[in-house]
Amino acid sequence: MEIRDNLLDRIAEADREGWLGEIEGLRVSLAGAEAKIGQLDAAAPGDPVLLGLPTPRPTPQG
């Protein structure tokens, strides 16, 4: 899957550059992407797949 491959490439880049905080965030995203891929693989062809609803980010207090 293209998204998973992109995340793996970005994790490798962050590791090379020493961006430790970035690595952790990308790993969380990768775990989510792999979970969705697992759901898609487990679903019968033609069945709907629950993608979830987006959650708005809190606005900064200023």
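The values are calculated or read from the model by the stated rules, or taken from the named source; none is laboratory data. This structure is a prediction, so every number in the text was calculated from the model and none was measured. FYI the Cβ positions are ideal-geometry reconstructions off the backbone, even for glycines, and counts take in every protein chain you see.
Flag: R16 does not match the condition of being surrounded by 10 or more Cβ atoms within 10 Å (Cβ to Cβ) and either touching a His at 6+ places or on another chain (Cβ under 7 Å) or at negative phi (or both). Taken over the range 8-62, the criterion of being at pLDDT 90 or above and of a type in the set (D, E) is satisfied by D9, E13, D15, E17, E22, E24, E34. For the range 20-39, the count of residues that are outside any helix (DSSP H, G or I) and surrounded by 10 or more Cβ atoms within 10 Å (Cβ to Cβ) is zero.
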